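See structure below.
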Amino acid sequence: MILFSSMFLYEYPVEKIARACRLAGYDGIEFWIETPHYWIDMDYGKAESIREWVKSVHCAVLDLNPCSVNHEVAEVTLKTNLHAVSVAAKLGVSMTIHAGKRSAAREPVREDYEANERYFRILSRYAEIKGTRLLLENSEPRINYLCRDFDEVLECAERFGFGITFDVNHALKNGDADRYVQALDLIENVHVSGYDERGRHVAARNNGKVRDVLAMLKDAGYEGMVTVELDDLGYGYMDYGKKVDELRKEREFIEKIFRR
């Protein structure tokens, strides 16, 4: 199942995002809870209106951090993503979550790990009540980020009962992408993108390392979701048609690997 992240079309209403699915030949959408048309009023009816296309939900991350030294930020992060779990439950799909980070650009300390564990514990219990599967994404390899290394991602996933969203971009930059095949039984979503000189998520089809990782997953028997995750800041201005065309090209690239 090939999806794309709704945030690539952040400036459009959900109806046009769903239309892009049809035009670009995708199976569905990973619906970011912060998709602006939804986020502005959190009207569930908007998500429900494209229910047939929403195959996964992505947690809220913008300006949020469950490990923030500002406890109000940590609490609103939890509250917002409990809402996201509820949306995923209503739509009957899994939800990708992120670990937190130390507020300062330094290695995390005990307090950060404790705050993150509290966040994961509450989210996992609520998701269990709601019948929603949570998938932990490996983080960007930045000094203050938790769950950036394979061993930590795997340990948290197993301890809290999460699946894994394997972000190829993040893992390649961290140098441990090849290790994720060891956790193939836990991987249920794969985020696909290349990266430019500033680390932004751009097209994967021109990146041989991404191609090799996807081929490794294919050869290992991976059959779960594959999600194209692009950041238009890495492209410059693109109108709706150009964005749809870029999505189509990325879908064709992925199909050549997984449907060969």
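Every read-out reported here was derived from the displayed coordinates using simple, explicitly stated rules and does not represent laboratory data. Remember, it's a predicted structure, so these values are computed and weren't measured experimentally. Heads up, the Cβs are rebuilt from the backbone with ideal geometry, glycines too, and the neighbour counts pull from every protein chain shown.
Descriptive notes on the structure:
- Debye, to nearest 20: dipole size of the chain, +1 on Lys, Arg Cβ, -1 on Asp, Glu Cβ: 480 debye
- Segment 2-258, relative contact order in percent, only Cα pairs under 8 angstrom and at least six apart counted: 17 percent
- Distant alpha-carbon pairs in the chain (separation over 32 angstrom), percent: 17 percent
- Sorted by Cβ neighbour density within 10 Å, fewest at the top, the residues 143, 33: 143, 33
- Where labels lie 7 Å past Cα in the beta-carbon direction, separation of residue 52 and residue 10 in nm: 2.9 nm
- Difference of contour (0.36 nm per residue) and Cα-Cα distance, residue 185 to residue 209: 6.4 nm
- The order of 35, 165, going from fewest to most other C-beta atoms within 10 Å of their C-beta, is 35, 165.
- Within the chain, percent of DSSP bridges classed antiparallel, to nearest 5: 10 percent
- Evaluated at q = 0.11 Å⁻¹, the base-10 log of the normalised Debye intensity for segment 195-260, with identical point scatterers placed on the Cα atoms, takes the values -0.28.
- From its DSSP helices (H runs of at least four residues, each -39,500 (n - 2.57)), the chain gives a residue-normalised ellipticity at 222 nm of -13500 deg cm²/dmol.
- Between amide H atoms placed 1.01 Å from N, distances below 5 Å from residue 136 occur with 97, 163, 164, 165, all of them 5 or more places distant or on a separate chain.
- Seen from residue 169, the other residues with C-beta closer than 9 Å to its C-beta sum to a net charge of -2, counting Lys and Arg as +1 and Asp and Glu as -1.
- Pairs of Lys residues in segment 2-258 that lie 8 or more places apart, or on two chains, and have C-alpha atoms under 18 angstrom apart add up to 18.
- The longest part of the chain holding none of the exposed loop GluC sites (Glu not before Pro), meaning those outside H, G, I, E and B in DSSP with at most 15 other Cβ atoms within 10 Å, is 12-196.
- Each other residue within a Cβ distance under 9 Å of residue 144 adds +1 if Lys or Arg and -1 if Asp or Glu, for a net charge of +2.
- In the calculated pair-distance distribution of segment 109-197, the portion above 22 angstrom amounts to 27 percent of the Cα-Cα pairs.
- Among 69, 213, 192, the ranking by other beta carbons within 10 Å of each residue's beta carbon, starting with the fewest, stands as 69, 213, 192.
- Each listed q (0.13, 0.14, 0.16, 0.23 Å⁻¹) maps to a log10 I(q)/I(0) for segment 73-147, found by the Debye formula over equal Cα scatterers with no solvent: -0.40, -0.46, -0.58, -1.04.
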